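For reference, the structure discussed in these notes is given below.
The values are calculated or read from the model by the stated rules, or taken from the named source; none is laboratory data. In this text, all values refer to a predicted model and were calculated from it rather than measured experimentally. Neighbour counts run over all protein chains shown; Cβ positions are idealised from the backbone, glycine included.
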Amino acid sequence: MNTHDNNIQLIDTHAHLNMEHFNEDLPEVIEKSAASHVKYIIDIATDLESSRKVILNCENYDMVFGAAGIHPHDSGNHTEQDLAEIDKLLGHPKIVALGETGLDYYYDYSPRPIQKNFFTEQLILAAKRDIPVIIHIREAMRDGLEILGNLDTIPRGVFHCYSGTEEDLSEILNLGFYISFTGVVTFKNFSKQSVVAAVPPDRLLLETDAPFMTPVPHRGKRNDPSYLHYILKAVAEIHTIDESELAQITTQNAENLFGLKEL
């Protein structure tokens, strides 16, 4: 990326600024990200406590927006009352999504029936509030798609850090969802270029998933939103599209999905 091209603006649609990894230097991370052409960062919660931290970050930093929700890992530690509290937090003017929610059968930190219940209830809540949902699915795609297919109203949203197949991708796109990729696309052993290429540009989003999934050449270090341009470069190469053009497309996609143009 030509770092002198001031027309390039990126949106990190998924970062966990609320995590303890950023306790010591969040102001510097925000400043560095802005200097690296990141226009907005969406700070993603994983439980009730982090949802409250997200709101504090949104109030402290103009370029930060947020998502409140309960991650499948944390669903076993939450109650219906906690979900009611999440519902209240979704009313905050800088909360632009519900999430992250979903299913994770890879780690199985929470019992699968509880994961399914919290995922279903949060999807219903997102549809009721007409707010986008950020979906985490790992080793659970069939159950996730079945839950979505059984809803009366399917909310709009994004499958973040997508790791599924091209076949699943087709079904997800038909449901109207966006797809986002992380720094994994920069790894030497990344083998799903064809899946990335199969996502139409108007459905693509970019994310760091910071502090995780750090892209090459910084792999092994803490990730942060200032590294988003490495992911842009890798996805642009796979799509054989100019980086500045893909930046414009993905930024517009993020603004459209999360209503950022209206704010």
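Tabulated data
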item: Any hit, the range 166-180, residues being among the polar types (S, T, N, Q), modelled with pLDDT of 95 or more and either more than 19 Å from the chain's Cα centre (by Cα) or more than 28 Å from Arg219 (Cβ to Cβ) (or both); result: yes
item: Among residues of the range 230-247, those that are touching a residue at least 60 places away in the same chain (Cβ under 8 Å) and of a type outside the set (Asp, Glu), counted; result: 4
item: Condition check for Leu232: in a strand (DSSP E or B) and closer than 16 Å to Asp12 by Cα; result: no
item: Criterion (under 20 Å from Thr250 (Cβ atoms) and charged (D, E, K, R)) met by exactly one of Lys188, Lys192, Lys128; result: Lys192
item: Some residue of the range 103-118 being under 18 Å from the mean Cα position of the chain (by Cα), polar (S, T, N, Q) and at negative phi; result: no
item: Residue that is farthest from the chain's Cα centre (by Cα) [pool: residues in the range 58-91 that are under 15 Å from His16 (Cα atoms) and assigned to a loop (DSSP other than H, G, I, E, B)]; result: Tyr61
item: Residues (crowded, with 18+ Cβ neighbours inside 10 Å and on the phi > 0 side of the Ramachandran plot) located in the range 158-198; result: Cys161
item: Complete set of residues in the range 126-184 that are of a type outside the set (A, V, I, L, M) and part of a strand (DSSP E or B); result: His136, Arg138, Gly157, Phe159, Tyr178, Ser180, Phe181
item: Subset of the range 5-20 (residues that are at pLDDT 95 or above and more than 18 Å from the chain's Cα centre (by Cα)); result: Glu20
item: Per-region count, the range 225-237, residues over 14 Å from His37 (Cβ atoms) and surrounded by fewer than 18 Cβ atoms within 10 Å (Cβ to Cβ); result: 1
item: Options Glu85, Glu49, Glu80, Glu59; residue that is surrounded by fewer than 20 Cβ atoms within 10 Å (Cβ to Cβ), in contact with a Leu (Cβ under 6 Å, 6 or more places away or on another chain) and among the acidic types (Asp, Glu); result: Glu85
item: Whichever residue in the range 62-77 is hydrophobic (A, V, I, L, M, F, W, C) and surrounded by 24 or more Cβ atoms within 10 Å (Cβ to Cβ) and, among such residues, is farthest from Ile8 (Cα to Cα); result: Ile70
item: Long-range neighbours under 8 Å by Cβ, at least six apart or interchain, first residue in contact (Cβ under 8 Å) with a residue 12 or more places away in the chain and closer than 23 Å to Thr250 by Cβ within the range 23-45, second polar (S, T, N, Q) and assigned to a strand (DSSP E or B); result: Ile42/Thr13
item: Residue identified as farther than 16 Å from Leu151 by Cβ and not basic (Lys, Arg) among Ile131, Ile42; result: Ile42
item: Residues satisfying the stated conditions in the range 92-122, i.e. of a type in the set (A, V, I, L, M, F, W, C), part of a helix (DSSP H, G or I) and either crowded, with 24+ Cβ neighbours inside 10 Å or free of Cβ contacts under 8 Å to residues at least 24 places away in the same chain (or both); result: Phe118, Phe119
item: Single residue of Ile179, Ile147, Ile134 found to be free of Cβ contacts under 8 Å to residues at least 60 places away in the same chain and under 20 Å from Ile70 (Cβ atoms); result: Ile147
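Table: residues versus (1) closer than 14 Å to Phe190 by Cβ; (2) out of contact with any His (no Cβ under 8 Å at 6 or more places or on another chain).
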site: Val216; (1), (2): yes, yes
site: Arg222; (1), (2): no, no
site: Tyr227; (1), (2): no, no
site: Leu232; (1), (2): no, yes
site: Asp242; (1), (2): no, yes
